[in-house]
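S.K.: I have a structure here, written as structure tokens, and I will follow up with some questions on it.
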Amino acid sequence: MTTVDGPWRSGAFAAVADSGVLAGFIPQECGGTGLTEAETTALLVSIAERCLTTALVLTQWAAAVRIIASSPDPGKHELLPPLARGESPTTVGISHLTTSRRHLGRPALVATRSGDGWSLDGECPWVTGADAASSIVTGAATEGGGQAFFVVPTTSAGLTIAPPLKLLALAGSRTSPVTFRGVRPAHVLGSPPDGGPRTGGLSTTALAVGAARASAAVIASEAAARPGLTTVAREFAAEIEALESRVLLAARDGIDPAARDRLRVDATSLVLRTAQASLTAAKGAGFVAGHPAERLVRESLFFLVWSCPQAVADAVLCDLAGV
Ligand SMILES: Cc1cc2nc3c(=O)[nH]c(=O)nc-3n(C[C@H](O)[C@H](O)[C@H](O)COP(=O)(O)OP(=O)(O)OC[C@H]3O[C@@H](n4cnc5c(N)ncnc54)[C@H](O)[C@@H]3O)c2cc1C
């Protein structure tokens, strides 16, 4: 079910909510249980190992929640407790502020003052789970070159969700473009004090580590019957463990932007290599649709494009070109 209908309809998202994990992403003063970043990062690794689609959906939900929680808007105290209980799923559409359509030189989504509120016009090119969510947290360019963030119910007049894009993998993420024509947001979150959304953060790296773990499990299971694969299985397991330790340490102690990008580059390389090694180990059987290796290879390619800052994309391209 998760492969097409997504974790909302398959029950995977409800299972995450029932386990109490969602509340961990929300600070205690806003109705959550306020897990540390190291704890949420470890959780994302283990969820991604089991289902990358569910981990992606959770990451986008957490990004929306983080923007709401860091807002000066007192309305966040009403918004966050139901989100902590897993009610009214939310998602995020902010890539146009960081990585998407930046070369076009004009904002994809514009917010203008209208009466005593705001009006949104334009497009969010990528919104995971748009047709499964009750609201979208988005950011738009304002007059004077600023940015403001908003919570927009998906039932708002003037908001149109396109059918989910046909993707190479992660179809269950139900990722769609969303257009806005004079949409009045339900909540104005203002500008986040920390300078707005980041790309290539530790949670994206955590998902790559979890996905690499899933591929390593395929290699390990093949190695159980084929001693020739033992060394490869052992080497990948050690590399994954070392990278996971670096990610968890960074989540605990903090990390500067250049080192954070380096971690994401290393994780991207690892997830691609482990996936291809799992396919090599599984041989032709792994190339047949439905085999875990076939899915893992497709899913590993996601990390080449998702939340990938230019510095990370440049380093990955140099690695691929052998420069
Ligand atoms: C499955 C999936 C789910 C996602 N979910 C979300 C989500 O929930 N929320 C969210 O905010 N984001 C999401 N994203 C967006 C993601 O994080 C990136 O922002 C996105 O992948 C960037 O790709 P783009 O095609 O929009 O980039 P663009 O930069 O817009 O590139 C598009 C095209 O423009 C051309 N181009 C690019 N740069 C230049 C240039 N400098 N000069 C000339 N031409 C150029 C190229 O031909 C390129 O193919 C998701 C992405 C994927 C793949």
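S.K.: Six or more apart or on different chains, Cβ atoms under 7 Å: show the pairs whose first residue is in the range 155-178 and over 25 Å from R298 (Cα atoms) and touching a residue at least 12 places away in the same chain (Cβ under 8 Å) and whose second is hydroxyl-bearing (S, T, Y) and part of a loop (DSSP other than H, G, I, E, B).
M.R.: Going by the 7 Å Cβ cut-off, the qualifying pairs are I161/T154.
S.K.: Take the range 285-323 and flag every residue that is of a type outside the set (A, V, I, L, M) and within 15 Å of D266 (Cβ to Cβ).
M.R.: S300, F303, C308, P309, D314, C318, D319, listed by residue number.
S.K.: Could you go through the range 4-24 and let me know if any residue there is at pLDDT below 90 and within 16 Å of the ligand (Cβ to nearest atom).
M.R.: Scanning the range 4-24, I find at least one residue that is at pLDDT below 90 and within 16 Å of the ligand (Cβ to nearest atom), so the answer is yes.
S.K.: Which residues, taken from the range 270-313, are open to solvent by 70 Å² or more (accessible area, probe 1.4 Å), part of a helix (DSSP H, G or I) and within 16 Å of the ligand (Cβ to nearest atom)?
M.R.: Matches in the range 270-313: R295, R298, Q310.
S.K.: Going through the range 126-140 one residue at a time, which ones are within 11 Å of the ligand (Cβ to nearest atom) and part of a strand (DSSP E or B)?
M.R.: W126, V127, T128, I136, V137, T138, G139, listed by residue number.
Table: residues versus (1) more than 16 Å from the chain's Cα centre (by Cα); (2) closer than 30 Å to P72 by Cβ; (3) open to solvent by 30 Å² or more (accessible area, probe 1.4 Å).
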site	(1), (2), (3)
K166	yes, no, yes
A169	no, no, no
G182	yes, yes, yes
T205	no, yes, no
I219	yes, no, no
R234	yes, no, yes
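S.K.: So if I check each of A42, A38, A48, which one is within 16 Å of the ligand (Cβ to nearest atom), of a type in the set (A, V, I, L, M, F, W, C), in a helix (DSSP H, G or I) and within 22 Å of V209 (Cα to Cα)?
M.R.: A48
S.K.: Conditions first: (1) in contact (Cβ under 8 Å) with a residue 12 or more places away in the chain; (2) outside any loop (DSSP other than H, G, I, E, B); (3) farther than 15 Å from T205 by Cα. V4 passes all but one, so which condition is the exception?
M.R.: Only one criterion is unmet by V4, namely (2).
S.K.: Identify, from the list T175, T204, T179, the residue that is within 15 Å of the ligand (Cβ to nearest atom), touching a helix residue (DSSP H, G or I) at 6+ places or on another chain (Cβ under 7 Å) and at pLDDT 95 or above.
M.R.: T204
S.K.: Is there any pair linking a residue in the range 84-101 that is within 17 Å of F25 (Cβ to Cβ) to one that is near the ligand (Cβ under 6 Å from one of its atoms) and of a type outside the set (S, T, Y), with Cβ under 8 Å and at least six apart or on different chains, and which?
M.R.: Listed by first residue and then by second, the contacts come to T91/Q60; T91/V127; V92/Q60; V92/V127.
S.K.: Going by the conditions given, is A267 open to solvent by 60 Å² or more (accessible area, probe 1.4 Å), hydrophobic (A, V, I, L, M, F, W, C) and within 24 Å of L317 (Cα to Cα)?
M.R.: Against the criterion (open to solvent by 60 Å² or more (accessible area, probe 1.4 Å), hydrophobic (A, V, I, L, M, F, W, C) and within 24 Å of L317 (Cα to Cα)), A267 does not qualify.
S.K.: Take the range 93-125 and flag every residue that is assigned to a helix (DSSP H, G or I), open to solvent by less than 60 Å² (accessible area, probe 1.4 Å) and either more than 16 Å from the ligand (Cβ to nearest atom) or not polar (S, T, N, Q) (or both).
M.R.: Matches in the range 93-125: H96, L97.
S.K.: A follow-up question, please. Would you please name the residue that is most open to solvent (accessible area, probe 1.4 Å), looking only at residues in the range 16-39 that are in contact with a Gly (Cβ under 6 Å, 6 or more places away or on another chain) and among the polar types (S, T, N, Q)?
M.R.: Q28
S.K.: Considering only the range 148-164, state which residues are open to solvent by less than 30 Å² (accessible area, probe 1.4 Å) and touching a helix residue (DSSP H, G or I) at 6+ places or on another chain (Cβ under 6 Å).
M.R.: The answer is F149, and nothing else.
S.K.: Can you pull out every residue in the range 141-172 that is within 16 Å of the ligand (Cβ to nearest atom) and on the phi > 0 side of the Ramachandran plot?
M.R.: L170
S.K.: Next question, about the same structure. Taking A233, is it without any contact (Cβ under 8 Å) to a residue 12 or more places away in the chain and out of contact with any strand residue (DSSP E or B) (no Cβ under 9 Å at 6 or more places or on another chain)?
M.R.: no
S.K.: Can you find, within the range 75-92, the residue that is nearest to the ligand (Cβ to nearest atom) among those that are among the charged types (D, E, K, R) and in a loop (DSSP other than H, G, I, E, B)?
M.R.: Per the stated criteria, the residue is E87.
S.K.: Same structure, new question: Can you tell me which residue is nearest to the chain's Cα centre (by Cα) among those in the range 126-147 that are open to solvent by 60 Å² or more (accessible area, probe 1.4 Å) and farther than 19 Å from G158 by Cα?
M.R.: Restricting to residues being open to solvent by 60 Å² or more (accessible area, probe 1.4 Å) and farther than 19 Å from G158 by Cα, the top hit is Q147.
The values are calculated or read from the model by the stated rules, or taken from the named source; none is laboratory data. What you are looking at is a predicted structure, and each value in this text was computed from that prediction instead of being measured. Backbone-built Cβ (ideal geometry, glycine too); neighbour counts: all protein chains shown. We work out accessible area using only protein heavy atoms, side chains counted, and drop any ligands, DNA or RNA first. Shrake-Rupley method; radii C 1.70, N 1.55, O 1.52, S 1.80 Å.
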